[in-house]
Each structure stands twice: as structure tokens, then as C-alpha cells.
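Working notes for the structure below.
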Amino acid sequence: MLSLPPLSLYVHLPWCVRKCPYCDFNSHEARGSLPFEAYVDALLADLDQDLPLAWGRTVHSVFFGGGTPSLFPADAIDRFLQQASARLRFAPGCEVTLETNPGTAEHGRFEDYRGAGVNRLSFGIQSFDDGCLRRLGRIHDAATADAAVRMAREAGFDNVNLDLMYALPGQDLAMALRDVERALALRPAHVSHYQLTLEPNTVFAARPPAGIPGHDDAWDMQAQCQALLADAGFAQYEVSAYAAPGRECAHNLNYWRFGDYLGVGAGAHGKLSLPGGHPAAGVDALDSNGGAILRRWKAKHPAAWLATAGTAAAIGGDEWLAPARRPFDYMLNALRLREGFSLAAYEARTGLARTSIESPLREAVGRGWLAVVGDRVTPTETGHAFNNDVVGLFLAD
Ligand SMILES: C[S@@+](CC[C@H](N)C(=O)[O-])C[C@H]1O[C@@H](n2cnc3c(N)ncnc32)[C@H](O)[C@@H]1O
Ligand code: SF4
């Protein structure tokens, strides 16, 4: 039976100094001065509109994502957090992450973010090789990245994530390993290690750069970087996420465990469980106990969202997740995790009985992709490597 999972809050801040040629995030080059105050007002109006879907619930994590949230001054972040916590209870120790582009780091700003309540920083480093950074169109070099992370540490941030990408144009295995070594030397709590993908509608997709490593080379980079991270005590707990013990990202873990989240800001996505159903959900969207799951997203373009936040026009769409669709959506998230999931959690998060996945589960176990021990289902090494194929088994016909 559907029950209320932990609730997170995602805040999208959509501007960047420059658009990177590989990036398909909802991020836009800043032209002229940015309307920080108006944007925070709009975020609060957006939150107010969603609040009836989450009355009385406690927020367990907040994530300022982008775009480049570190373009926002600390007082804007401070005002948003203060006002948001007057509307929703924040759990003690609530993780509050802010994504940071090293090229926007300024001395003094990190102290102010800390003062505002941010307790985790996520740096978009990508590489420590200046040639790679140039080819990626980044606005910073390796020395700037190094200095930014050190500045954050001096400001008292001990919970720091570093984003790295691998399989970069012109990169070989030794370079990929060097990037991980340089990252580890900065003593982060968490490393995200993403394979560069050519996303549709990006400059790189239209004109792929020369020298992108092939499939086998990328595979070697992943495996050997993973081993290097493991030696340093960073366990892979998700496809691209590595953490020191106890330093997993609570916010992302909640996504992968099919928790709930409010999403405010241009193009932000939210997902909410409503065990008692909702008048707007059609009967086909309800499970056998009358529970509903809503996916909601906001108008994507910053100017359009800003002009309409808090009104129906700012809702990009609402999708009520029909029971037939829930197993696939659940697996898309849970099977990214090394820990897998428990059948009890599956039932609580989807509102469906475990019998609803009996057949694909049997098939996945038969193929050696998943292991079931008691109540727990975990991906095997093969299942982890062929995640897409495993998840595909759970698609409704
Ligand atoms: C929203 S960005 C992080 C913060 C900030 N915007 C920055 O880039 O410095 C999230 C991360 O996704 C990763 N990423 C973005 N586009 C990617 C792509 N095409 N392939 C792989 N990883 C990508 C990058 O590591 C990036 O740091
Ligand atoms: S700075 Fe980050 S969000 Fe902005 S364009 Fe580059 S990768 Fe995308």
C-alpha cells in the first residue's frame, strides 16, 4: 500500500556564464544582470502553489541545481531558505546542497552560503586537464578548480562533491586516472563520475569533437577509475556516484529510492505520493487502494516561468502515474543503486503488491541480472552493467 516516503525539495536556478557545448540541462547563458530577487519571489510563489500537495510534511533535503546556482548571491539563497522553512518543516540536519561552477567562485561567498544554511557543495570540475577543459568549453582551468575547492574548505565546508566526466575528447586512460587522483587529493566526501554523453540538441551532438574514446576505452576508464576510488575508500553506490562511508548524497538517494520531491523553478520536476488519492487523478491512475502518484513539471523557459510562477500557466504538465507504469518508473531509479531495493519498499513506494513484478523478476533472476535474498533484490555485476536491459523487463506491454 502506498505510503508517504521522505520528501525532498529541488530548486532550479537556470542561468550559466556560458552554455557548455555538451550540456542539455535547462541552462541558459546569462545576458546582462540577472533578476535574482524576482526569481526568488517567483520560487516562493511556485512553492506556495505546490504546498497543498505536501501539507504537513517534513523536508529531508534541499538541492539547488542548475544551471549554475553559484551565480546567485548568498542573500538570495538565504531569503529563499528562510521563507521555505517558514512554509515547510525542515528535518534536523537537513542536507542542503548548492551546485557550484568553480569559475564563479569568489572569496567570501562560501562563508555566506554556509551562513544561509547550505551545508553541502557540489562542484562541476569535469577534469583537471586544461586541454580537456578547453575542449569542453569550460570557463575555468584546473588551478581555478583547485583553488575554489580549497576556498570552500577554508569556509568550513566538509561535505563536498566533485563532478568529473570521463571519455572526454583527447583523453586516454592515464589522463582519466589522473583526474580522479587530483580529485581525491582535495579530500572530497563524494565524487560523481559521469561518462560524457552526446545529448541530442547540443553543439557536441551536431558537431561531435574529434578524439572521443571508443566504447572499450571508456569501459576501461570506468573500471579502473572505480578501482582507484574504491582503494581510496569511495564505494560506488550508484551508476555514477561514489561516497566516503556515510557521505552518500541524501537528496539523490531519495530520488533513487523513489522518494517524493517538490520541484520549484524553471523546468523543475516534482513527484508526489498521495495515498488518499486526489480529485484531479482519473480512476485509471489510482491503484487498488485509491492511491495516486503525481509527476509535475514547470514551464521550461526562465522568462516564461518567471512571468507566470504561481499560476496554472507555469505548470508545464501534470502526469498521474498509472499503476501499470509504476514498476518501470520504480526500477528506472532503484536499479541504479548497488543496494537494490526491498520488496517491502517496492510495495510502499508504488502502492502495488510484489506479485505485480513476479514475472519480470523471475526473468531477470533467470538471466543472472538480479539476485533475490529474502526480501531484498540486488543487481548482480552483469545486471549493474546492463542496467537498461534489466529495467526494460519491467515495462508494461
Ligand atoms: C548541472 S551540472 C553541475 C553544475 C554546474 N552547472 C557546472 O557545470 O559546473 C551537473 C553535472 O552533470 C554533468 N554533465 C552535464 N552534461 C553532461 C553530459 N553530456 N555527459 C555527462 N555528464 C554531463 C557534469 O559533470 C555536470 O557537472
Ligand atoms: S555550467 Fe553546468 S549547467 Fe551550465 S551549461 Fe555548463 S554543464 Fe550545463
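General remarks:
- Of the residues making up region 1-12, those that are open to solvent by less than 30 Å² (accessible area, probe 1.4 Å) and more than 10 Å from ligand 1 (Cβ to nearest atom) number 6.
- The set of residues in region 105-138 that are within 13 Å of ligand 1 (Cβ to nearest atom), closer than 30 Å to PRO92 by Cα and touching a Phe, Trp or Tyr at 6+ places or on another chain (Cβ under 7 Å) contains only LEU121.
- Selection status of ALA86, hydrophobic (A, V, I, L, M, F, W, C) and touching a residue at least 60 places away in the same chain (Cβ under 8 Å): no
Let's see how each residue does on (1) in a loop (DSSP other than H, G, I, E, B); (2) acidic (Asp, Glu); (3) at pLDDT below 95; (4) open to solvent by 20 Å² or more (accessible area, probe 1.4 Å):
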| site | (1), (2), (3), (4) |
| --- | --- |
| GLU347 | no, yes, no, yes |
| LEU352 | yes, no, no, yes |
| GLU363 | no, yes, no, yes |
| VAL372 | no, no, no, yes |
| THR378 | no, no, no, yes |
| VAL390 | no, no, no, no |
| PHE394 | yes, no, no, no |
| ASP397 | yes, yes, yes, yes |
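- Test for GLU199: is it open to solvent by 40 Å² or more (accessible area, probe 1.4 Å) and within 23 Å of PHE123 (Cβ to Cβ): yes
- Filtered residue count, region 148-178, keeping only those that are closer than 16 Å to MET221 by Cβ, open to solvent by 10 Å² or more (accessible area, probe 1.4 Å) and either in contact (Cβ under 8 Å) with a residue 12 or more places away in the chain or touching a strand residue (DSSP E or B) at 6+ places or on another chain (Cβ under 8 Å) (or both): 10
- Single match in LEU262, LEU253 (criterion: surrounded by 19 or more Cβ atoms within 10 Å (Cβ to Cβ) and in a strand (DSSP E or B)): LEU262
- The condition of being more than 20 Å from HIS12 (Cβ to Cβ) and in a loop (DSSP other than H, G, I, E, B) holds for ASP158.
- Some residue of region 31-52 being within 14 Å of ligand 2 (Cβ to nearest atom), within 22 Å of ASN252 (Cα to Cα) and crowded, with 22+ Cβ neighbours inside 10 Å: no
- Region 63-140 holds helices (runs of 4 or more DSSP H) entirely within its bounds, and those carrying 1 or more residues that are of a type in the set (Val, Ile, Thr) map to 74-87.
- If the condition is being open to solvent by 40 Å² or more (accessible area, probe 1.4 Å), over 21 Å from ARG295 (Cα atoms) and in a helix (DSSP H, G or I), then region 320-345 contributes only ALA344.
- Region 66-92, residues that are closer than 20 Å to GLN49 by Cα and either within 16 Å of ligand 2 (Cβ to nearest atom) or charged (D, E, K, R) (or both): ARG79, ARG87, ARG89
- Pair list, Cβ under 6 Å, 6 or more apart: region 13-24 residue more than 7 Å from ligand 1 (Cβ to nearest atom), other residue among the aliphatic types (A, V, I, L, M) and assigned to a loop (DSSP other than H, G, I, E, B): PRO14/ALA266; TRP15/ALA30; TRP15/LEU34; VAL17/ILE139; ARG18/ILE139
- Enumeration of residues in region 268-294 that are within 27 Å of the chain's Cα centre (by Cα), assigned to a loop (DSSP other than H, G, I, E, B) and crowded, with 20+ Cβ neighbours inside 10 Å: ALA268, GLY291
- Residues in region 195-244 that are in a strand (DSSP E or B) and of a type in the set (Gly, Ala, Ser) were compared, and the one that is nearest to ligand 2 (Cβ to nearest atom) is ALA241.
- Restricting region 304-314 to residues that are touching a residue at least 60 places away in the same chain (Cβ under 8 Å) and out of contact with any Phe, Trp or Tyr (no Cβ under 7 Å at 6 or more places or on another chain), the residue that is most open to solvent (accessible area, probe 1.4 Å): THR311
- Restricting attention to region 109-142, the residues being of a type outside the set (Lys, Arg) and within 12 Å of ligand 2 (Cβ to nearest atom) number 10.
- Apart from one condition, LEU121 fits all of (1) touching a helix residue (DSSP H, G or I) at 6+ places or on another chain (Cβ under 6 Å); (2) open to solvent by 20 Å² or more (accessible area, probe 1.4 Å); the exception is (2).
- Qualifying positions in region 1-30 - polar (S, T, N, Q) and either within 16 Å of ligand 2 (Cβ to nearest atom) or assigned to a loop (DSSP other than H, G, I, E, B) (or both): SER3, ASN26, SER27
The values are calculated or read from the model by the stated rules, or taken from the named source; none is laboratory data. What you see is a predicted model; the values in this text were computed from it and never measured. Please note: Cβ atoms are built from the backbone with ideal geometry, for glycine as well, and neighbour counts cover all protein chains shown. Areas reflect the complete protein model, heavy atoms only, side chains present, ligands, DNA and RNA absent. Shrake-Rupley method; radii C 1.70, N 1.55, O 1.52, S 1.80 Å.
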